[in-house]
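To start, the structure under review is shown below, and the notes come after it.
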Amino acid sequence: KAGVTQTPRYLIKTRGQQVTLSCSPISGHRSVSWYQQTPGQGLQFLFEYFSETQRNKGNFPGRFSGRQFSNSRSEMNVSTLELGDSALYLCASSRTGSDYGYTFGSGTRLTVV
Amino acid sequence: GDSVTQMEGPVTLSEEAFLTINCTYTATGYPSLFWYVQYPGEGLQLLLKATKADDKGSNKGFEATYRKETTSFHLEKGSVQVSDSAVYFCAPISNFGNEKLTFGTGTRLTIIP
């Protein structure tokens with residue numbers, strides 16, 4: 001079966017711009033989570049959606065937002081980009097959450113210049 | 001909140017050596033525990049998991065046992081291969097509706113032929 005698909009794989013943006021990243025979960029998975037990975041901070045949780053509702057949120061500024069559609073696909077948006085937003089953004093999906101484990105996509109590498 | 005302490009890397013071993021990567025955690029209630037692996041340029045892959053005390057997760061020759069009394073989930077493999085070179089992450093997830101993985105800093109493993 002198809003895995004978690006993230007698009008695009010690579011992005012280069014300028015400071016102050018905004019960006020939208022997309023994640024298509026595994027068919028049947030209703031939980032979608034987003035993580036930011038940087039060399040300095042490691043893997044940090046952004047937010048988690050289940051059935052179109054944000055269920056959990058990490059400690060990121062309001063410039064980071066997300067949403068989930070009725071088909072479970074999810075998008076995250078970062079507005080007013082800063083150099084420090086350069087990172088690998090990973091999406092993970094699960095049937096319902098913790099007990100089933102999460103399947104990760106290959107990520108979107110965002111570079112802010 | 002949840003936290004993870006992982007063995008500091010990098011770890012370099014010869015092929016066929018025995019591997020142990022230590023992981024201890026703090027988490028609410030009775031968390032599920034996961035080991036993820038990240039190969040260069042890729043997202044995270046679920047390696048193994050355990051959902052209750054004394055459970056042993058295993059996959060591809062790797063094993064880890066959920067030790068509630070010592071809050072540990074050490075990863076072991078009896079004979080490593082060059083293809084095991086990757087970064088390994090330990091992650092608990094609390095099962096009280098807080099659906100987020102808390103990752104350790106990761107342990108970079110390099111296997112020398």
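Residues that are within 14 Å of chain A (Cβ to nearest Cβ) and outside any strand (DSSP E or B) were ranked within the stretch B:43-72; the one that is most open to solvent (accessible area, probe 1.4 Å) is B:LYS52.
Please give the number of the condition A:THR108 fails out of (1) touching a residue at least 60 places away in the same chain (Cβ under 8 Å); (2) buried (at least 19 other Cβ atoms within 10 Å of the Cβ); (3) within 29 Å of B:TYR30 (Cα to Cα); (4) among the hydroxyl-bearing types (Ser, Thr, Tyr). Status for A:THR108: all satisfied but (3). Residues that are within 14 Å of A:THR103 (Cα to Cα), touching a residue at least 60 places away in the same chain (Cβ under 8 Å) and open to solvent by 10 Å² or more (accessible area, probe 1.4 Å) within the stretch A:27-54 comprise A:GLY28, A:HIS29, A:ARG30, listed in sequence order. Can you tell me which of (1) closer than 22 Å to B:GLN45 by Cβ; (2) open to solvent by 20 Å² or more (accessible area, probe 1.4 Å) is the one A:LYS57 doesn't meet? Tallying (1) closer than 22 Å to B:GLN45 by Cβ; (2) open to solvent by 20 Å² or more (accessible area, probe 1.4 Å), A:LYS57 fails exactly one: (1).
Filtered by the rule that a residue be surrounded by 18 or more Cβ atoms within 10 Å (Cβ to Cβ) and modelled with pLDDT of 90 or more, the stretch B:25-42 gives B:TYR25, B:LEU33, B:PHE34, B:TRP35, B:TYR36, B:VAL37, B:GLN38.
The values are calculated or read from the model by the stated rules, or taken from the named source; none is laboratory data. Since this is a predicted model, take the numbers as computed values, not measurements. Cβ sites come from the backbone with ideal geometry, for glycine too, and all protein chains shown count toward neighbours. Areas reflect the complete protein model, heavy atoms only, side chains present, ligands, DNA and RNA absent. Shrake-Rupley method; radii C 1.70, N 1.55, O 1.52, S 1.80 Å.
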